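S.K.: One structure, as structure tokens, below. Some questions next.
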Amino acid sequence: MEIGTLGHFTFQVDSLSLHFATFAGLIWVGVTLYALASGPSRRFLLPCAGAFVAVMGVFFAGDLLTLFLFFEALGILGFFLVREGKEARSAAIRYFWTMLVGGLVLLAGILVHASGDDGTLLLLLGFGVKAGMLPVHGWLPAAHGKAPPPASALLSGVMIKTGIYGIIRIDPGSALLVLGLGGALYGAARALTQSDAKRLLAWSSVSQVGVILTGVWAGSLGHIATHAWAKALLFMAVGAVLLRTGTVQLPRLGGLWRAMPVTFGLAVLGGGALAGLPLLRASAGKAEIHHALEGLPELAFFLASCGTVAVVLRLLSGIFLGPRREGTEAPGLMVTGMGVVALPLLLPARPEDLLYFGLTVVVGTALHRATRRWHPAYPASGEPPRSGPLRLPALPGPLRRMPVSPRLRIRFPDLAPRVDRYTRETGANLALVFVILLAALALLR
Amino acid sequence: MIAPGLHLHFGLDPLGVLFAATAAVLWLLVLPPRGARYGIFLGVTFVFTVGVATAGNLLTFLVCFELLSLSFWPLIVHDETEEALAAGRAYLAYVLTGGSLLLLGVVATFAATGTVDFDAPVSPFVTGLLLAGLSVKAALIPVHGWVPRAHPVAPAPVSALLSGLMVATGSLGMIRIAPELSLAPIAALTVVVAGVVAIRTDDLKRRLAWSTISQMAYVPLALSVLHPEALAGGILHITHHAFMKGGLFLCAGLILHHAGIRQASRMAGLARQMPWTMGAFTVLSLGMIGIPPLSGFVTKWVMGSGMAAAGAWFSLAVLMLGALLAALYLMPIVHAAWFGPRSEVVAEDPPIRHLVPVLATAVLTVVLGLLPRLVEVARVAAGAGG
């Protein structure tokens, strides 16, 4: 993609742009209808509309400068979308700073690229932050997990696709395979430890972005639209459940399949598309990717697919299956919105890939049952548990203390406990990410 | 002509014209004056600023430069408080010392070459003298000390002028001399350290003063890259920063006057009571950080392109870091003002006639970002006058 000149905004339309813009547009229609069910709210609708403009600006941008403008705008608008969620204020602030730094890295990459040198690493990291790519995915679980459900639907459904769009345009090469598969596996594993349905979906997004990027490396873009629709649908379904039951904690939910049958059906559709249910055309995206891989990457991809099945089962069984509960179906407007987004998923599949996906379903179900204990029940205190036992032993003391100066802590008093928790939880898991990446790199050589 | 080889020389070149035009707009925004003495020195400082801009050789530059420094003193101590007078004394100490170094440099140039042209070939020692003298005005570490003291005590419009162009005259001198000595390490240090100190400063005007030190260090940084595009960016940054920082200081003045607030930490929830003022503040802050399509982004882009083209990766990284620091010391204020808890302070937006200059700077920030016509002017200036 060319660089562009200051002050001139150029736009272009090609098949890639159209593809992205089409599924994005459909999702926007559905989510807006869905959001209107709780009454028109300027706080959501204004940034929602702005984000739509920004997303279309990114997809139809004709040069990197124009793309960067709309990209940054999207980062700011995302802040407004996230902060309306319950206890989402600090997640929104973290989102803002992550997007700002990511934007600076991206700008540096564009400048380096413009001067003729190889800016691919910077560009990849800059776009990757927005996409939720490993290793710059850290902001995603908090932001998408805490944002209000329609906002999460937009964020996970479309806004991270802008980062993926950028990555496709810059064509980074084999780094994508490693980062993609690593993210796919890691995201699925973390998702299985979640008891908060929205956070589970957020980690699933990290995993699916990994799958998508593996697909990009392999030349297949089919899963992008599928994930957009399916993830948006799932977030909307969880939002409907939240509206009717007041909670998204899986240990507290269950048995809603009778009370909310339409929501259940749509969620199965969405989850199935994500998992690669053989009956849906939408699953073809994953099939293509699988065909392009061989050897160790193929095995890793298979494991990631099983992980996705397990995650979907965890979510659906946690919310909808089990002993029957009382409840009412979601409001009509919400159902309509979800229906709009679900439409493209209804196309029937081609019979070619039944065997592969049948296998993933079998192994995935086993995985789900085997890792049930990873997602703990409610402790006696009633406090929702944080992520489960995939917590490695904490880093030793001196390593755990972030190099944040005591003075800085005094200046920002609520930074200190957050920093401690961050290093304790994330530090250990970062080590795990690193190990996965190293192993992947070593084995792939 | 004073002596053979020593003459005053004024000329118009693209760089000088751009600088003088910026001064004209900025001085216009700072009217009306607060009394006769104020008004007189406002005019005098403008005249000498134009003189510095259009100076054609070292001697002329020195004369206008020194007179400019002196004529700003009455404006800085205008309020005549104890604090202001003490700050004024510190200011004079700094600028007079710097001026003496500059004088020594000019004398040495004349002694060595018999001329006082900008591009007279001189030894690195003499260049060092000239640069040292200019650095005081340009507020490079470690001779930046007058800036955080003078800005908080001066009336807000005077701070706007100080930050806007007075500091820039030092950078202008550096561009004129076009030294081969690289100022990059000191400039980079200044950008980072001043930015970090700004984050930890609570007094709003002092925070903005440290921001000026950090931002104006971009110009010597860009100069040291030795690429015309980077230099064009640096020159353009002088103009754009003048408008943005000028606007921010005017906002600070309005906030002080109409809400009685000096500290950033007390500005929570202020935007609900002073929406227009804080709205302009927000736009100007976003411009300072370099969010497209505002004017700050244009300068960042031009400077960055030059640095990347020259392979100056370190400078490019410093540029990005500077933007991050700007966000760190400006965005918390903006966020707290719009989203913070309602404060018990009673405030309201100033009347239109006071708001107009501030809004004008915000509009300029947007317009210069969307229609970056001045980039071409800066490029010409970099090619010719640099």
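S.K.: Could you check B:Ala360 against (1) surrounded by fewer than 20 Cβ atoms within 10 Å (Cβ to Cβ); (2) under 25 Å from B:Pro14 (Cα atoms); (3) within 8 Å of chain A (Cβ to nearest Cβ) and say which number it fails?
M.R.: For B:Ala360, the failing item is (3).
S.K.: Taking the condition crowded, with 24+ Cβ neighbours inside 10 Å and of a type in the set (A, V, I, L, M, F, W, C), does B:Val196 pass?
M.R.: No: the conditions fail for B:Val196.
S.K.: Now, a different point. Can you find a residue in region A:101-109 that is closer than 19 Å to B:Met331 by Cβ, more than 9 Å from chain B (Cβ to nearest Cβ), open to solvent by less than 10 Å² (accessible area, probe 1.4 Å) and out of contact with any Cys (no Cβ under 6 Å at 6 or more places or on another chain)?
M.R.: yes
S.K.: Being of a type in the set (Phe, Trp, Tyr) and either open to solvent by 10 Å² or more (accessible area, probe 1.4 Å) or within 19 Å of the chain's Cα centre (by Cα) (or both) is the filter here; which residues of region A:60-100 pass it?
M.R.: A:Phe60, A:Phe70, A:Phe71, A:Phe79, A:Phe80, A:Tyr95, A:Phe96, A:Trp97
S.K.: A further question on this structure: Which ones in region B:200-231 are buried (at least 24 other Cβ atoms within 10 Å of the Cβ) and of a type in the set (Val, Ile, Thr)?
M.R.: B:Thr212, B:Ile213, B:Val219, B:Val225
S.K.: Output the residues belonging to region B:253-272 that are touching a Pro at 6+ places or on another chain (Cβ under 9 Å) and away from chain A (no Cβ under 13 Å).
M.R.: B:Gly253, B:Leu254, B:His257, B:His258, B:Arg262, B:Ala268, B:Gly269 - these are the residues of region B:253-272 that are touching a Pro at 6+ places or on another chain (Cβ under 9 Å) and away from chain A (no Cβ under 13 Å).
S.K.: Just one of A:His137, A:His113, A:His144 is in contact (Cβ under 8 Å) with a residue 60 or more places away in the chain and either among the β-branched types (Val, Ile, Thr) or surrounded by fewer than 24 Cβ atoms within 10 Å (Cβ to Cβ) (or both); which is it?
M.R.: Matching residue, one of A:His137, A:His113, A:His144: A:His113.
S.K.: Moving on. Return only the number of the condition from (1) of a type outside the set (A, V, I, L, M); (2) surrounded by 24 or more Cβ atoms within 10 Å (Cβ to Cβ); (3) over 24 Å from A:Leu106 (Cα atoms); (4) away from chain A (no Cβ under 14 Å) that B:Gly234 does not satisfy.
M.R.: (3)
S.K.: Residue under question is A:Ser220, and the condition is that it be assigned to a helix (DSSP H, G or I) and within 30 Å of A:Val136 (Cβ to Cβ); does it hold?
M.R.: Considered against the rule, which asks whether it is assigned to a helix (DSSP H, G or I) and within 30 Å of A:Val136 (Cβ to Cβ), A:Ser220 comes out as no.
S.K.: Which ranges mark the helices (runs of 4 or more DSSP H) fully within region B:273-355 that have 1 or more residues being more than 14 Å from chain A (Cβ to nearest Cβ) and in contact with a helix residue (DSSP H, G or I) (Cβ under 8 Å, 6 or more places away or on another chain)?
M.R.: Because the criterion is at least 1 residues that are more than 14 Å from chain A (Cβ to nearest Cβ) and in contact with a helix residue (DSSP H, G or I) (Cβ under 8 Å, 6 or more places away or on another chain), the helices (runs of 4 or more DSSP H) in region B:273-355 that meet it are B:275-289, B:313-339.
S.K.: Same structure, new question: So how many residues does region B:369-386 have that are open to solvent by less than 20 Å² (accessible area, probe 1.4 Å) and part of a helix (DSSP H, G or I)?
M.R.: Total meeting the criteria: 5.
S.K.: Given the options A:Ile168, A:Ile164, name the one that is under 14 Å from A:Leu221 (Cα atoms), of a type in the set (A, V, I, L, M), in a helix (DSSP H, G or I) and within 12 Å of the chain's Cα centre (by Cα).
M.R.: The unique qualifying residue is A:Ile164.
S.K.: Could you please find all residues in region A:32-62 being within 13 Å of another protein chain (Cβ to nearest Cβ) and in contact with a strand residue (DSSP E or B) (Cβ under 9 Å, 6 or more places away or on another chain)?
M.R.: A:Gly57, A:Ala61 - these are the residues of region A:32-62 that are within 13 Å of another protein chain (Cβ to nearest Cβ) and in contact with a strand residue (DSSP E or B) (Cβ under 9 Å, 6 or more places away or on another chain).
S.K.: Sticking with this one: Restricting to region A:202-223, count the residues that are of a type in the set (Val, Ile, Thr) and surrounded by fewer than 24 Cβ atoms within 10 Å (Cβ to Cβ).
M.R.: Result for region A:202-223: 1.
S.K.: Conditions: (1) within 14 Å of another protein chain (Cβ to nearest Cβ); (2) closer than 30 Å to A:Ala108 by Cα; (3) surrounded by fewer than 20 Cβ atoms within 10 Å (Cβ to Cβ). A:Gln12 meets all but one. Number of the miss?
M.R.: Exception for A:Gln12: condition (1).
The values are calculated or read from the model by the stated rules, or taken from the named source; none is laboratory data. Bear in mind the structure is a predicted one, so any value in this text is a computation, not a measurement. Backbone-built Cβ (ideal geometry, glycine too); neighbour counts: all protein chains shown. These area figures cover heavy atoms from the full protein model, side chains too; ligands, DNA and RNA do not enter into them. Shrake-Rupley method; radii C 1.70, N 1.55, O 1.52, S 1.80 Å.
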